[in-house]
Amino acid sequence: MSRPVIVIRPEPGLAQTLAAARQMGLDAQGLALFDIAPVGWDMPEVGNFDGLLIGSANAFRHGGAGLEGLRTLPVHAVGKTTAAIARDSGFHVASTGQGGLGCLVESLGGPMRLLRLSGRERVDLSPPPGIEVAERIVYEARPVAMPPSFAAKLDGAVVLLHSAAAARHFSEQCQLLRAPRSKIALAALGARIAAAAGSGWADARIAAAPNDAALLELASEMCQKNGRTA
């Protein structure tokens, strides 16, 4: 019997990751443990900025009417998916990162003043000299309770963690429902995410790169080896 891969990220990412996992032949199952909802935000003076810094496509999906006033600003997108959604939303993409938002900011030449549109849960940035980043929170992830029937599927599974918020919430739900941590393996998108899940899991590994493809490759490897380390 193949080892199940559990995806808990919110839609539409949930469906995309499940489809990619199943194309790889993985026994993938999913439950969105978060709903993404818009947050009210005030529009800054557009002329004060040289571009938009976007770490998630959710900024375009949930940014609301305020996005209309920002279309003149070029987008610096964290990755290919976010860049594609930016173009579909009518924005010009000036650059696309590969190794996370911090690496993208480091790669940009200054002087430059950027407006970051983000979720309430986000990665802290330390821009290099010459680059200033202002921020507006435009969406948030709202946690959803895990049904006991789904918790019963976790024994022996590899659970994919796409964010620190997801890692914390999943850990809390497992504790609440007394799911067997020692029989659940974690595949995390980054070290900060894995740390947020805490300890006591059968296995916890970090993807080679901060993208879905690398995370699924890791999950596939963990399923094949079916190994567990303390």
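The values are calculated or read from the model by the stated rules, or taken from the named source; none is laboratory data. Given the structure is predicted, the values throughout are model-derived calculations rather than measurements. As a convention, Cβ positions derive from the backbone with ideal geometry for all residues, glycine included, and neighbour counts pool all protein chains shown. Remember, those area values only see protein heavy atoms, side chains included, never the ligands or the DNA or RNA. Shrake-Rupley method; radii C 1.70, N 1.55, O 1.52, S 1.80 Å.
Per residue, how many Å² of accessible area does the chain show with a 1.4 Å probe?
Computed with neighbouring chains in place, this is 47 Å² per residue.
Computing the accessible area with a 1.4 Å probe over protein heavy atoms, can you report the carbon and sulfur percentage for the chain?
On the chain, the fraction of accessible area on carbon and sulfur atoms equals 51 percent.
Relative contact order for the chain using alpha-carbon pairs under 8 Å, separation at least 6, rounded to a whole percent?
Taking the mean separation of contacting Cα pairs over the length of the chain, I get 19 percent.
Among DSSP bridges having both ends in the chain, what percentage is antiparallel? Round to the nearest 5.
Roughly 15 percent of the DSSP beta bridges within the chain come out antiparallel.
For D88, D50, D27, give me the order by solvent-accessible area with a 1.4 Å probe, most accessible first, ignoring ligands, DNA and RNA.
Putting D88, D50, D27 in descending order of accessible area: D88, D50, D27.
What Kirkwood radius, in Å to one decimal, follows from the Cα pairs of the chain?
18.5 Å
According to a simple spin-label model (label point 7 Å from Cα along Cα-to-Cβ), what is the distance in nm between A134 and S2?
Result for the modelled spin labels: 5.0 nm.
Just report the Cα centroid separation between the stretch 4-38 and the stretch 196-211, whole Å.
Answer, in whole Å: 17.
Taking all protein chains together and a probe of 1.4 Å, list C223, C174 from the most accessible to the least accessible.
C223, C174
Using a Gaussian network for the chain with springs between C-alpha atoms less than 10 Å apart, which of these wobbles most: R116, R61, R87?
R87
Hey, if we sort K80, K153 by accessible area with the 1.4 Å probe, largest down, what's the order?
If we order K80, K153 from most to least accessible, we get K80, K153.
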